[in-house]
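The values are calculated or read from the model by the stated rules, or taken from the named source; none is laboratory data. Just so we're clear, the structure is a prediction, and the values are computed from it rather than from any experiment. Neighbour counts are summed over all protein chains in view; Cβ atoms, including those assigned to glycine, are modelled from backbone coordinates with ideal geometry.
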Amino acid sequence: MAHDENTPPPAPDGLGERGLRLWTDTLADLEMDPDELLLLEEACRLADELDEMGVLLANSAMLSKGSRGQPVANPLIREIRGHRLALSRVLRQLGATRPGEEDQERLTPSQRGRKAAIARHHGARSLAPVRPMWPNQGDAS
């Protein structure tokens, strides 16, 4: 079935509630190329897997026995952390912004940290825009 340019593509089969919401909310705001749609599908599947692992972790112990009987963290904790990192990276590749950031104001992690430290030390009145350390930092062409 062909799509016109005003109709977003249908969600991939097999998405769960969170993945489907991510798909529809993202495409309600953005138009995407086919390669971006692949990334979005990956993000949706990661979000669904995170939900599934969260349910599994909630229904199991946080500690389990290691190879020598010692208490160790449930392996799902590491998997969840890895999935969160992967989801964050995929969303960043798609160009998703953090709440409060405009397209022109995408900050690096160190710029966000600097901004937070200045706000803690000097209060909210000091939250002037953070200058990039290097000229043309945002102009990756």
Checklist entry - Could you say whether any residue in segment 94-109 is among the hydrophobic types (A, V, I, L, M, F, W, C), at pLDDT 65 or above, surrounded by 11 or more Cβ atoms within 10 Å (Cβ to Cβ) and in a helix (DSSP H, G or I)? => result no
Checklist entry - Would a scan of segment 63-84 turn up a residue that is of a type in the set (Gly, Ala, Ser), touching a residue at least 24 places away in the same chain (Cβ under 8 Å) and in a helix (DSSP H, G or I)? => result no
Checklist entry - Would a scan of segment 32-41 turn up a residue that is acidic (Asp, Glu), without any contact (Cβ under 8 Å) to a residue 40 or more places away in the chain, part of a helix (DSSP H, G or I) and farther than 21 Å from Gly95 by Cα? => result no
Checklist entry - In segment 1-30, which residue that is loosely packed, with under 10 Cβ neighbours inside 10 Å and in a helix (DSSP H, G or I) is modelled with the highest pLDDT? => result Ala28
